[in-house]
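Here is the structure we will look at.
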Amino acid sequence: MHIFSTITDLRNYLNSQNNSRKSIGFVPTMGALHEGHLMLVSESMNENELTIVSIFVNPTQFNNPDDLNKYPRTLEKDISLLKKIGCTALFCPSNDEIYPKNYSPLHIDLSPLDEVMEGKHRPGHFNGVVNVVNRLFEIVRPTRAYFGKKDFQQVAVIKAMKEALNLSVEVVAIDTLRESNGLAMSSRNLRLSESEKEKSTIIYKSLVKAKKLATEKSPREVEKTLTQLIEEGGLNVEYVTIVHPVSLMPIEKWEKGATACVVAYCGDVRLLDNMEVYN
Ligand code: PAF
């Protein structure tokens, strides 16, 4: 597998490969790869002639320095996982490569998409995501880019960014991969003990229950039940909200695609999940 740390080397490789305008699939990540990421890579490998994975823990999307410091970093393991599935190229840039001295941050108005939920609880988060993803798109120039639906709001924000900047890349969203007990796969799970992982399955179990309740109760009532179930399971809920799948606004009446979004803490580990509860 080719591993590039500079833009020049990556571009030289892509230019040398790409005389015949091969399609490029791109999977941006922050590393600590799990099967969910590998599924995005496999999907990209199936649909494109070249696949580039990036690993860059983007400091500008962390509003909490402690969260950034504790973010798992497992580069050696990541490299061997990518080699195993036959990935051909990995881009692991430094901070200076992504944000050179003359970098001028992008400001686009995506409101209200970037102001609700994660936007409200992690001020500046989506500004950081939009900047790094756009920067990576400029470097890789992908035909398609792959993101996990676990980050439901991130997918909506990136699709809106694509429209706002009139980018030609196709944004592909892939279903959340879960452990056999229902826990959504996430790099942050590495920070959970086995018993905490078990405890955290309450999020998935409660979402499944919410889906069943959607025909009997109003969205507000279902939010209350969801919160209660997760808190009773021993997690601390940061927010539970049932939103419209496109506007991301809380809904008062059931609408097709209504999605329940949850953030809850297990100890000091922040867990995020969602499920379409009405279709
Ligand atoms: O989802 C992530 O891992 C990150 O937000 C992303 C898209 C790689 C940008 O840093």
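Laid out as a table, the results:
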| read-out | value |
| --- | --- |
| PHE4 accessible area, 1.4 Å probe, all protein chains in place, Å² to nearest 10 | 30 Å² |
| 1.4 Å probe accessible area per residue over the chain, in Å² | 48 Å² |
| Euclidean distance between Cα centres, the range 25-67 to the range 175-251, Å | 24 Å |
| Shape call, the range 14-110: gyration tensor on alpha carbons, a/c limit 1.5 | oblate |
| Cβ crowding within 10 Å averaged over residues, with 61-73, 256-268 ranked highest first | 256-268, 61-73 |
| Packing-based order for 98-109, 194-205, using average beta carbon neighbours within 10 Å, highest first | 194-205, 98-109 |
| Per-selection metrics, the range 123-279 (Cα): Rg and Dmax in Å | 16.5, 49 |
| Extent along principal axes [Cα atoms of the range 39-81; Å; largest to smallest] | 38, 21, 14 |
| Rounded if a/c under 1.5, otherwise prolate or oblate - the chain, Cα gyration tensor axes | prolate |
| Proximal charge balance of LEU33 [Cβ under 12 Å; K/R count +1, D/E count -1] | +1 |
| Too-long pairs where the Cα-Cα distance tops 20 Å, listed order kept, from LYS149/LYS199; LYS149/LYS211; LYS120/LYS150; LYS211/LYS256 | LYS149/LYS199 |
| Share of alpha-carbon pairs per 5 Å distance bin for the range 95-178, given as whole % | 3, 13, 25, 24, 21, 12, 3, 0, 0 |
| Sulfur and carbon atoms: percent of accessible area, the chain [1.4 Å] | 49 percent |
| Counted charge near ILE7, where neighbours are those whose Cβ lies closer than 14 Å (Asp, Glu -1; Lys, Arg +1) | -1 |
| 0 to 90° range, to nearest 10: angle between helix 35-47 axis and the chain longest Cα axis | 50 degrees |
| Over the range 35-173: Kirkwood hydrodynamic radius from C-alpha pairwise inverse distances, Å | 16.1 Å |
| Among the listed pairs LYS84/LYS197; LYS217/LYS253; LYS197/LYS224, those beyond 18 Å (Cα-Cα) | LYS84/LYS197; LYS197/LYS224 |
| Tilt relative to the chain, helix 125-140 - C-alpha long axis, 0 to 90 degrees, to 10 | 30 degrees |
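The values are calculated or read from the model by the stated rules, or taken from the named source; none is laboratory data. None of the values given here were measured: they were computed from a predicted structure. As a convention, Cβ positions derive from the backbone with ideal geometry for all residues, glycine included, and neighbour counts pool all protein chains shown. These area figures cover heavy atoms from the full protein model, side chains too; ligands, DNA and RNA do not enter into them. Shrake-Rupley method; radii C 1.70, N 1.55, O 1.52, S 1.80 Å.
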